[in-house]
Structures are given as structure tokens and as C-alpha cells.
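All of the numbers you see were taken from the coordinates with simple rules; none came from a lab. None of these values were measured; they are calculated from a predicted model. Reconstructed Cβ throughout: ideal geometry from the backbone, glycine too, with neighbour counts over all protein chains shown.
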Amino acid sequence: MNVLILDDEPPARRSLKHALADIGVTDVREAGSIEQAVKALTEQRPDVMFLDVELRGGKQGFDLLETLPAEGIPVIFVTAHPEHAVRAFETQAVDYLLKPVDQHRLKESLKRIGESSDAEEVRVFLKHETAMFRDGTRNVLLRVGDIHLLEAGDSYTKLVLADKSGPMVNGTLKSVLCRIDPEVFFQANRTQAMNLEYVTQVEDGESGLVAVLANGIRVELSRRQSSEFRRVKAI
């Protein structure tokens, strides 16, 4: 795999280059400016570009995509600023990674590029990451770990936050669960999935367990999921 890294900070380029080498990617070229990146792209077309968002002189990695017809080259944005996620997805970026780059996330991003293009790709966001959800016609950015509970509707899912409010986002409960950290969220019943980190108390109910969340919401676990919860939590 031939990789091009655009980042104006040499330590950041070295760090990403070392992380790539650790997973077997050694054909890596570096660029410290958009001008250097343009030159590198004209000399050899990379299989994937890693673009830093914020560059010196008020420029951004997005500017490279407008400067050069780099159509068809997969792009992964690397940034310390999660608020750029919406624009990254609007440019059809394969992924965006937060600095410092997590090794597991890096491997996952490159795996998506290597898989068949006709396979459905699902980006899994970990609890410390900010994910973008669609609420009707607008985009909503939320840190996954801030979601206390997921509640299913007909064709939408409510993301319940600490104050019990939250957006109604497009998609079924199953489709939302596929996008967020499976180590954190536990499906309690057919219509609800809870963030295990906010479970403060577990009580016995009539047909199964009842979990009490930090925001006071009581979640009834089905009989089957009560058994699974006992197994997961060894209670």
C-alpha cells in the first residue's frame, strides 16, 4: 500500500509513519505543505492520503482536495479537532482519526480501504470519539460516551443524554448499535440499549432485572437479557 501523509508538523508525521510501520505499511511519503503534497501526488498516485485538517498559514487539508483533481483516492483526515467531522464526511472521506492516532482505529480505517468497494462499510465509533448522526435533515455530532440510553421508535432512535433529552436520529436501534462501541452499550430489551458505564444500581424486577442509570432512568431487562447481563457482569 502506497501512502501519502500531509501534516505540517514533523513529529506528527513521524508518529503516524511509525504507527503505519507497526502494522506493516512501509511505503510512506511525507508532505509538510499543500505544495509538497501536490508535487508528490503528480509524481506518484497514492493508494490512500492521510490529511491533517489544520495547517500553517490558515490552510487546511481540505484545500488540497480543491487544488488537485485527486478523484478516486481514499482520504483519511487526521485531526485534533472533532468539530471538523461533518465537513470530512461531506468530502466523502473514508474516515477521520483523532490525534493521537489509536492503533486499532488506524488498522480499522485501512481495512475498510482494502475491502471490496461493493461491501457495506460501517464505521464503529469508540466511547471517546465524536460520531455524526442524522436527525431528519440536519447533522448532529455527539460524543459516544455521553449517550446514556438508546430508545427505538418506528424508523428512528432517540439518543438519551444526562438530562434525559436527546435527538431523534434516523435509523433503527440495530443500525445505530452497529455504529457505536459494542464494549459499552448493552441491549436491555427489544427497544432499549443502555450505556453500561452509567448503570448505578441493579434491582430484581417481576420478570427480570431492572437497571437504574445515573440520570434516574429505570430500564427493564428482558428475561433473556437479564441472564446475559448476569453473565457479562458476573452477578
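Sequentially through segment 221-234, phi angles give Karplus couplings (6.51, -1.76, 1.60; θ = phi - 60°) of 8, 5, 4, 5, 6, 5, 5, 5, 5, 4, 5, 5, 9, 6 Hz, Gly and Pro residues having no value and appearing as x. Taking amide H as placed 1.01 Å from N in the peptide plane, the amide H of Ile5 sits under 5 Å from that of Arg29, Glu30, Ala31, Phe50, each at least 5 places away or on another chain.
Counting neighbouring Cβ atoms within 10 Å and putting the fewest first, the residues Ile34, Ile180, Ile23 line up as Ile23, Ile34, Ile180.
Taking a straight line from the alpha carbon of Lys164, these lysines sit under 19 Å away, with near neighbours fewer than eight places off in the same chain left out: Lys127. Extending 7 Å from Cα along the Cβ direction at His18 and again at Asp146 yields two label points whose distance is 3.2 nm. About the centre of its Cα atoms, segment 130-233 shows a dipole size close to 260 debye [charges on the beta carbon of Lys, Arg (+1) and Asp, Glu (-1) only; nearest 20 debye].
Using the average count of surrounding beta-carbon atoms within 10 Å as a protection proxy, the listed peptides 43-52, 101-110 rank, highest first, as 43-52, 101-110.
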